[in-house]
Amino acid sequence: MVGPSHKNKAAGAGKGPRSELSTLDFGAAGGDVVRALAECAGKIEVQEGGDAFAGVAEDAAVLYANGQNDLAAQVLAEFVDGLTPGQGEPLWLMLIDLYKLTGKRAEFDEQVIAYARSFEKSPPPWDVADAPVAGSAAPAAPAVALGTALTEQVAKQFDRVREAARKSGAVRIDLSRLRSADEAGCTLLRTLISDLKAASVNIRLAGASTVANMLRGQVLAGRQENQQMWLLLLDMLQQTDDIERFEEVALDYAITFEESPPSWEPAAVAELASTTAELVSAVQMDDGFALEGEILGANAEPVRKLAAFAAERSRVDVDCARLRRIDFVCAGALFNVLAQLQGQGKLIVLKDVNAMVAALLRVMGVDQVARLQLRT
């Protein structure tokens with residue numbers, strides 16, 4: 001059902017966010033959105049600075065978040081049809097985005113023509129990335145950025161990486177933050193890489209030179225210990241295309257362990273050289289965080305991952321270009337996490353958010369605890 005009257009909501013706009021939002025437990029309803037809405041009734045207000053159209057935006061946003069696409073479109077379409085030219089552009093953009101997100105090309109084409117007439121400017125284009133894809137889309141290549149220590153504590157993380165990489169056929173592993181390692185951690189990383197290669201996964205490593213420099217200071221020629229650390233050092237030197245250092249370390253390895261070292265593999269280096277530009281891009285991408293697809297249900301795993309990612313950073317740019325939908329419960333969990341991060345002095349920027357998702361995030365007060373940038 002559509003929410004309270006738009007007039008009443010508009011009259012209540014501009015009062016400022018209520019403090020109850022930061023203490024709401026949006027997971028308590030067990031994923032039951034109807035129950036969650038009932039529990040939170042009266043605790044959420046739209047912050048639109050007196051915008052007379054805030055109620056319509058709220059109704060449509062909550063309906064879309066709850067999977068009621070047709071009702072959301074009906075609310076928006078009926079309202080914008082009654083507006084005079086040049087009025088209510090945010091609602092027009094919500095409706096246009098909704099038609100894209102639900103794959104309604106005919107309705108989209110009709111609406112953008114009306115938009116151009118009303119606002120006398122070019123309408124948003126049809127973005128293929130927004131339209132739903134028939135069947136299962138291929139998952140994006142996962143990326144993992146290791147912390148400062150390579151120890152046995154990464155075992156569970158590597159299990160998740162292994163599973164995700166096998167599904168997608170590719171993975172990016174950023175090692176640039178590593179500052180220490182032990183034998184167990186080196187064994188786990190070498191095993192992960194070996195397993196992924198055996199599964200024909202395309203592996204992109206960033207920060208290999210950092211790891212090589214770090215490991216070189218931890219191995220000692222003539223002392224037969226930390227053999228896996230030595231082998232990982234040789235692996236990283238191959239990735240950096242440093243054949244001179246590789247041969248030097250290989251000789252020390254042979255003397256220390258009285259066995260032949262791994263041989264130099266030109267093919268592996270050639271593959272790295274052909275993807276240097278992509279590796280640089282991957283490192284830059286890994287500086288941020290992405291929310292993608294549809295985030296639904298009480299678990300809100302992507303939200304928890306964002307909290308973990310932001311733990312050691314003062315600013316996080318969150319790429320939301322491929323975020324299609326977030327439901328009411330997960331949006332509440334997102335608010336709680338972002339409020340905590342803001343309280344820690346961190347800046348979170350949600351970038352390229354579509355109009356439908358942005359409207360719900362405003363309803364939830366997310367724009368009060370993070371910077372919200374709509375997609376243009």
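Values computed for the structure shown
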{"item": "Segment 219-249, residues that are surrounded by fewer than 16 Cβ atoms within 10 Å (Cβ to Cβ), aliphatic (A, V, I, L, M) and assigned to a loop (DSSP other than H, G, I, E, B)", "result": "Leu220, Ala221"}
{"item": "Residue within segment 153-169 that is farther than 26 Å from Phe289 by Cα, in the same structural domain as Asp252 (by TED's automatic domain parsing), not acidic (Asp, Glu) and not in a helix (DSSP H, G or I) present", "result": "no"}
{"item": "Among the candidates Leu178, Leu196, residue that is in a loop (DSSP other than H, G, I, E, B) and touching a strand residue (DSSP E or B) at 6+ places or on another chain (Cβ under 6 Å)", "result": "Leu178"}
{"item": "Any chance Arg179 is touching a Ser or Thr at 6+ places or on another chain (Cβ under 8 Å), among the charged types (D, E, K, R) and closer than 19 Å to Gln239 by Cβ", "result": "yes"}
{"item": "Some residue of segment 194-216 being at positive phi, surrounded by 13 or more Cβ atoms within 10 Å (Cβ to Cβ) and at pLDDT below 90", "result": "yes"}
{"item": "Arg362, sole failed condition from (1) in a helix (DSSP H, G or I); (2) more than 19 Å from Asp97 (Cα to Cα); (3) not small (Gly, Ala, Ser)", "result": "(2)"}
{"item": "Looking only at segment 305-325, and only at residues there that are in a loop (DSSP other than H, G, I, E, B) and hydrophobic (A, V, I, L, M, F, W, C), the one that is nearest to the chain's Cα centre (by Cα)", "result": "Cys320"}
{"item": "Given (1) in contact (Cβ under 8 Å) with a residue 24 or more places away in the chain; (2) loosely packed, with under 15 Cβ neighbours inside 10 Å; (3) assigned to a loop (DSSP other than H, G, I, E, B), number of the condition Pro261 does not satisfy", "result": "(2)"}
{"item": "Residue among Val337, Val349, Val329, Val357 that is assigned by TED's automatic domain parsing to the domain that holds Ala310 and assigned to a strand (DSSP E or B)", "result": "Val349"}
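Table: residues versus (1) modelled with pLDDT under 90; (2) surrounded by 13 or more Cβ atoms within 10 Å (Cβ to Cβ).
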site: Asp32; (1), (2): yes, yes
site: Ala38; (1), (2): yes, no
site: Glu58; (1), (2): yes, yes
site: Gln74; (1), (2): no, yes
site: Met94; (1), (2): no, yes
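The values are calculated or read from the model by the stated rules, or taken from the named source; none is laboratory data. Everything quoted here is computed from the prediction, not taken from an experiment. Note that we place each Cβ from the backbone using ideal geometry, even for glycine, and neighbour counts take in every protein chain shown.
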